[in-house]
Amino acid sequence: MEATINTSKPRFFSQDKNFRKRLFVLLITITLQNVIAYSVNMADNIMLGAYSQEALSGAATVNQIFFVIQQLAMAIGDAVVMIGSQYWGKQELSPIRKIAGIALKTTAICCVIVFIACTFFPEPILRIFTSDEAILAEGLDYIEIVKYSFLFFMFSNCLMCALRTVEVVKIAFQISIVALVVNAGINWVLIFGHFGFPEMGVRGAAVGTVVARIVEFIIALVYVLKKDKVLKLFSENPFKRDKGLSRDYRKAAAVMITTEMCWAVATPFQTAILGSMTADAIAANSIATTFYNFLKVVIRAGASAGSVLIGSAIGEGKLEEVKARGRTLSVIYIILGVILGFLLFILRGPLLSMYVLTPEAYAITDQMIVLYSFIMVAMSYQMPVTTGVIRAGGDTRFHMLTGIIGTWCLAIPLGALAAFVWHLPVIFVVLCAQSDQIAKCLPVFIKFRKYNWIKKLTR
């Protein structure tokens, strides 16, 4: 149901002081949580980079699979946030609990599929991303153990999204700190064989990740069961069937999962394009995207914070405030993008000093980081406005269409042509493969200014 919009004398920025306070708290907390959570995988990347280039590339190849799983988990959780935040605006908690229960059941089904794929078909999947036998061997060793972490991660993410819907976010940050410490400590001991433990290399990194994810899940579950005083997820049976809410959730989640899977599958394809070139290109892309994605979590946090606040305003019926919040968020996202792009550019030297690379791999990585520092600015506008404002407002189809068209009709074809037909240098192949990040900016701006994305999703 599309909401009626009042267009009389709108203010460009939101004048709601409570909005600014809530945005600041959510943005800072979710950013810190995302940075720490991303550091769990980054710890593997850095330590394996210091161990050997083959181990680094093998783990990076498996992390392409994790990226797909991560996007799937995020789509399941984001559907909870999108619908639940509108009920949060109305201060109705029972529907949020039921939606979270539906999401947990969806997560369980996806976990079974993921585990079967990683257990019985690991080699065919990894060969999509690399043909290098040394890298493949390291990747198979890594996935044999790390696949268990995928399951715990998906359930933890679902629980954290349910809590984020009611603006409970500090626990996610605290959990991430514990997970990082556990992962980094075990990595240091098992990768290099300290304190008399065997030198396990890539398998040691996998063990560290699995243990960290288990600890993460246990703390999240205990908090939801014993400590949470806001959502109280299990104060009623969240798994009790509600046909209306099930239909609402399936409708939203289906579009989100389709969108995220199209993009998530495309990203490894982009990696596969580089993987068909040289081992140096694989290592360079792994390092450059690691730091790009590390800073990108700030923008994802901004989108997450915006999603809750846009949805709650719609639930409260403050439709003029929804537009003002959207404009405010858009400007904030651009400012953040410029700051993050500048940081990536000036810090590339110190970052690269942490790795043991061939001279050619070092040069390629340096060029990639410079390129990503500019791409960061464009991405920081179009991605969070699409997901944190337009999609959060109830319009999921626009994100799906721009994602599919931008990725599969522009980025992937251009990247493939650049690599296999035009035989361009690696840096130009990456530029072509990331071209959608820039191309999406104009249609996102036009769509945002129409305000026809504001839709009421509550019953």
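Brief remarks follow.
- Checking each residue in segment 436-459 for being open to solvent by less than 70 Å² (accessible area, probe 1.4 Å) and over 18 Å from VAL385 (Cα atoms) picks out LEU457, THR458.
- Search result, residues across segment 73-109 that are in a helix (DSSP H, G or I), over 19 Å from LYS243 (Cα atoms) and over 21 Å from the mean Cα position of the chain (by Cα): TRP88, GLY89
- If you go through segment 62-89 and keep only what is modelled with pLDDT under 90, open to solvent by less than 10 Å² (accessible area, probe 1.4 Å) and either among the β-branched types (Val, Ile, Thr) or in contact with a strand residue (DSSP E or B) (Cβ under 6 Å, 6 or more places away or on another chain) (or both), you end up with just VAL62.
- Only listed residue being under 27 Å from THR402 (Cβ atoms), among the aliphatic types (A, V, I, L, M) and open to solvent by less than 20 Å² (accessible area, probe 1.4 Å), chosen from MET256, MET261: MET256
- The number of residues in segment 178-214 that are open to solvent by less than 40 Å² (accessible area, probe 1.4 Å), of a type in the set (A, V, I, L, M) and within 26 Å of VAL168 (Cα to Cα) comes to 4.
- Unique match (being hydrophobic (A, V, I, L, M, F, W, C) and either over 30 Å from LYS21 (Cα atoms) or without any contact (Cβ under 8 Å) to a residue 12 or more places away in the chain (or both)) among VAL322, VAL370: VAL370
- The listed residue being surrounded by 24 or more Cβ atoms within 10 Å (Cβ to Cβ) and either not in a helix (DSSP H, G or I) or not acidic (Asp, Glu) (or both), out of GLY403, GLY341, GLY349, GLY415: GLY415
- Any chance LEU48 is buried (at least 23 other Cβ atoms within 10 Å of the Cβ) and modelled with pLDDT of 80 or more: yes
- Cross-chain or 6+ apart pairs with Cβ under 7 Å, segment 217-234 first and closer than 17 Å to ILE96 by Cβ, then of a type in the set (Lys, Arg): LEU231/ARG97; LEU233/ARG97
- Checked against (1) in contact with a Lys or Arg (Cβ under 6 Å, 6 or more places away or on another chain); (2) at pLDDT 85 or above, LEU27 meets all criteria but (1).
- Only listed residue being modelled with pLDDT of 90 or more, of a type in the set (Val, Ile, Thr), open to solvent by less than 30 Å² (accessible area, probe 1.4 Å) and within 16 Å of the chain's Cα centre (by Cα), chosen from VAL385, VAL389: VAL385
- Enumeration of residues in segment 230-257 that are of a type in the set (A, V, I, L, M, F, W, C) and under 18 Å from SER85 (Cβ atoms): VAL230, LEU231, LEU233, LEU245, ALA252, ALA253, VAL255, MET256
The rows are residues; the columns are (1) in a loop (DSSP other than H, G, I, E, B); (2) modelled with pLDDT of 85 or more; (3) closer than 30 Å to VAL377 by Cβ.
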| residue | (1), (2), (3) |
| --- | --- |
| GLY204 | no, yes, no |
| GLY208 | no, yes, no |
| VAL222 | no, yes, no |
| ASP248 | no, yes, no |
| MET256 | no, yes, yes |
| MET277 | yes, no, yes |
| ALA284 | no, no, yes |
| ILE299 | no, yes, yes |
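- Criterion (under 26 Å from ARG22 (Cβ atoms), among the charged types (D, E, K, R) and open to solvent by 10 Å² or more (accessible area, probe 1.4 Å)) met by exactly one of GLU92, GLU144: GLU92
- Matching residues, segment 418-435, being open to solvent by less than 50 Å² (accessible area, probe 1.4 Å) and outside any helix (DSSP H, G or I): GLN434
The values are calculated or read from the model by the stated rules, or taken from the named source; none is laboratory data. Just so it is clear, the structure is predicted and the values come from calculations on it, not from any experiment. Reconstructed Cβ throughout: ideal geometry from the backbone, glycine too, with neighbour counts over all protein chains shown. Areas reflect the complete protein model, heavy atoms only, side chains present, ligands, DNA and RNA absent. Shrake-Rupley method; radii C 1.70, N 1.55, O 1.52, S 1.80 Å.
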